[in-house]
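In what follows, a structure is listed as structure tokens, so that the remarks can point back to it.
What follows draws every value from the coordinates through simple rules; no lab data is involved. All figures in this text were calculated on a predicted structure; none of them were measured in a lab. We place every Cβ from the backbone using ideal geometry, glycine too, and count neighbours over all the protein chains shown.
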Amino acid sequence: MSDDLDDIQAIFFEECAEGLATAESGLSAMAAGDVSAKVIAGVFRAVHSIKGGAGAFGHVALTAFSHRFENVLDEVRAGRIAPTPGVTRVMLTAFDILSDHVAASQGTKPVPADDAVLAALDQILVDGGAPDIVAEPMAVAVVAPMDDDPFGFEPVVAEVESFDPFGFEPVTVALDLLDDSVAEPVPWTVTFVPSNAALANGGEPMLIVRELEMLGGTVVAADLSRLPPLRDLEPEHAYIGWTLSLPGDVEEQAIADCFDFVAPNSIVEYARGVVVPEDAPVAAPVVEMLVATPIAPPAPLAVARPTAPPPASSPAARAEEHPEPVRAGEPVAQTIRVDLTKLDMLLNLVGELVIRGSILADRLSPKDQERVELPQLSRLTREIQDTVMSLRAQPIRQAFSRVPRMLRDLSVETGKQVILETIGETTEVDKGVIEKIGDPLTHMIRNAVDHGIESPERRLAAGKPVQGTIRLSAEQKGARIFVRVADDGAGIDRARVRAKAIEKGIVAADAVLTDEEIDQLICAPGFSTAETISNISGRGVGMDVVRSNVEALGGRVEISSVPGKGTTFTMVLPLTLAILEGMIVRLAGQRFVLPLANVIETVQPEPGQVRPTTTTGEVIELRGDYLPVRRLTRTFGLADNDALTPEESLVIIVESETAGHVGLMVDTIDDRREVVIKSLDQNLHPIRGLGGATILGDGSIALILDIEALVGPSAPLTRYTPKGLAA
Amino acid sequence: MSKTILTVDDSASMRMLLKASLTAQGFRIEAANDGRHGLERMSEVKPDLLITDINMPEMDGFELIEAVRAKPEFRGVPILVLSTEFSDEKKARARDAGATGWITKPFDAAKLGTAIRRVCP
């Protein structure tokens, strides 16, 4: 159960993330002036749901904070507090703290200090958010005489702390006047007369009587006086009342609990005392009965009242008070949740189907293929595959959602004013990709604010608007997603970048570099031009991390910059991590898949071009450079290693993060194609350099090479999985 | 025979939590993710008890209860509201719509079971 609970909790946190995204976009819309009921209701519901789940999972601080945030939202939703810019500002701050509370509940952040914002929220409840808006209706509700209230609205007074988490209505209160001198607890007398309508709404008064009996109660009298003649009897009306006697040691709360769901207008009384005589007028009106019922001294005092709803609940008043929120056209995606493993299973199966299809195509002549309608079948299969892929796709909005918050923080830290423009946030990308671009995106935004956007003074001096603009956009082109972060800042100072790179020994002092090459230096490991280590960029990670993260996803980072106009960083990402573009190579008769993203070029070595060295084995001479060469047949210990001379082989130059350019010697290249990545079962012993497997058109299995692990010095073992989710 | 309960809540974690706690207490649980879906599932599941949230997109709890009660075959089915809301006004409104009872979130699994047996023995 506790494992289950962890799983459920994980889903709760996903919902929190969605809720926060909804709340943030709603609050942003409110800040921008859209204070429609729909937007406010959306924000309210998001915060409300977070509160509900937080309570269920025992996150006390999160529950408490979201509750107080919700109180203000509820007032705004009900129109009792106007969503002025001031109020919205406080709510945006509250939103930030709420996000921190969610993170704290997940254990990824410390519990935030929320006193200040709670005080601000409470202040809004007191003064409506601004001194000039007098909270007239609220003040009146408390003080004004009730006759003035057109709806007969009854202010709820001081009953809040006696709130019973299960009660529909507060029920009868019995005053227990027993003192210590009484040794034996006096038995309870309970009178229960269900209202006429007690059988409506799925109610069943007999269940209450039975529950009282379970507590040890005995029915001592049944009042049949309201029972009409048979011909007038309404089968759905309740007519009978009961008087029960319960043992004195039953706790009062236990009796009260039995009446949790009692129908309104029922008579419920319970008091310690002797059993009412049989002929007591049980069904008499309540007030009379209180007088008429003889109660033995020391008289327990029973205060009984019909459990009538307050007058405020008259339909007209409610309709006036709470107009139905407009629900049509709400921007809430209609979704069902599917276990990701099921989706991946489906993806795997469709992958198999595609493979079986190509096996069939291999075995059948074109004429036979036509005869069995194989082309049509293949087209359908491909469509199914695309659809299943799209099921894993999610709007990139999720990755973008934390940017506004971050920009607000950055603005405060740097004193730079930044406007965010977001374009294409509905672009759909594989879930695995979305999960992995968060960090690179964060660095790119930080970098843009810290290094791109100038200080307000410098912007003014340059004749630009004081506020800088960062445009965050996403678009799909073919099988690639382009995510751009464009700023309108000063652009890359190439002279400074070049000087820095020379100083750091990244390039030679006399190197001739194009503008593009200089721009790329920003992503070189160990490069940083920030003159002071700022709080923002100086966190020990730089654009080199962005580049390596993106490349690990099979993508690349492009930089373009115009001096004085701004810089654009573009992440070019694959649509999915479940399909890989690979080069099929052959080693000692076996086929392997080499990810095309790593491949720089292939070389047919001339005699003498590959030569042995004393330390590292072999090198290849390539345009004046020497690159290390690995014979993969040796690496994997394949049977007929060294059967071929270098001249009979091919050397594929691959690029790795850790080892730079390395040559891999293979026997030959068979093909270049997209393959569906299959994970290697966890029960197989991991082999360095093998990341996964795929099934080729002829049904044979080919292992997928993991270049980083293969050529890197001690890169950790990684496995490709079809999910692309290997953490 | 174990009783069947239809739970309607837009939060998946809440649905799963309900399912886990109530299945353990011998109930059979079916779920729907909003009022509209809940109404559809009523006819299909024919539950012994309906437990619904209030704040949901696409037909909230009040609307769902009214719609369920409007169908003659469901007039006698007990309906419990399970919500973080607890204002008397909302409770009265749920009652008017046709709810049998109201339970405030967060819930304690054992107490929830007791409360359920109070209307659905």
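Oblate is the label for the range A:395-574, because the ratio a/c of its alpha-carbon gyration tensor axes (a ≥ b ≥ c) is 1.5 or higher and a/b is not greater than b/c. When the pairs A:Lys416/A:Lys464; A:Lys342/A:Lys678; A:Lys464/A:Lys565; A:Lys109/A:Lys436 are compared against a 18 Å limit on Cα-Cα distance, A:Lys109/A:Lys436 fall above it. Tell me, what is the percent relative contact order of chain B, built from C-alpha pairs under 8 Å that lie six or more residues apart? Worked out over chain B, it gives 23 percent.
For the peptide B:70-83, the mean number of other protein chain Cβ atoms found within 10 angstrom of a residue's Cβ is 2. Remark: for residue pairs A:Lys38/B:Lys90; B:Lys19/B:Lys105; A:Lys431/B:Lys105; A:Lys38/B:Lys71; B:Lys3/B:Lys111; B:Lys71/B:Lys105, the C-alpha separation exceeds 25 Å in A:Lys431/B:Lys105; A:Lys38/B:Lys71; B:Lys71/B:Lys105. Taking amide H atoms as placed 1.01 Å from N in the peptide plane, the amide H of A:His661 lies under 5 Å from those of A:Ser656, each 5 or more residues away in sequence or on another chain. The value of relative contact order for the range A:579-711, using C-alpha pairs under 8 Å at least six residues apart, is 30 percent.
Legend: mean number of C-beta atoms from other chains within 10 angstrom of residue C-beta atoms, peptide A:6-13, equals 4. The range A:207-232 and the range A:97-115 have Cα centres separated by 53 Å. Under the rule a/c < 1.5 gives rounded, and otherwise a/b versus b/c splits prolate from oblate, where does the range B:4-119 land using the Cα gyration tensor? Judged from the Cα gyration tensor, the range B:4-119 comes out rounded (a/c under 1.5). Summary of packing: across the peptides A:437-443, A:499-505, the per-residue average of other C-beta atoms within 10 Å ranks them, highest first, as A:437-443, A:499-505.
Take every Cα pair under 8 Å whose residues are at least 6 apart in sequence, average their separation, divide by the length of the range A:2-148, and the relative contact order is 21 percent. Look at B:Met16, A:Met571, A:Met389 and count the other Cβ atoms within 10 Å of each Cβ; fewest to most, that gives A:Met389, B:Met16, A:Met571. Ordering B:Asp10, A:Asp6 from the fewest to the most neighbouring beta carbons within 10 Å gives A:Asp6, B:Asp10. Cβ crowding within 10 Å ranks B:Met59, B:Met42, A:Met214 as A:Met214, B:Met59, B:Met42, fewest other Cβ atoms first. The range A:27-43 to the range A:570-627: how many Å between their Cα centroids? Using only Cα atoms, the two centres lie 54 Å from each other. Roughly how many whole Å is it from the C-alpha centroid of the range A:479-513 to that of the range A:425-476? Their Cα centres are 17 Å away from one another. Inter-chain Cβ neighbour count for B:115-121, averaged per residue, equals 5 (cutoff 10 Å, partner chain atoms only).
For chain B, a crude dipole built from +1 on the beta carbon of Lys and Arg and -1 on the beta carbon of Asp and Glu, taken about the Cα centre, is about 560 debye to the nearest 20.
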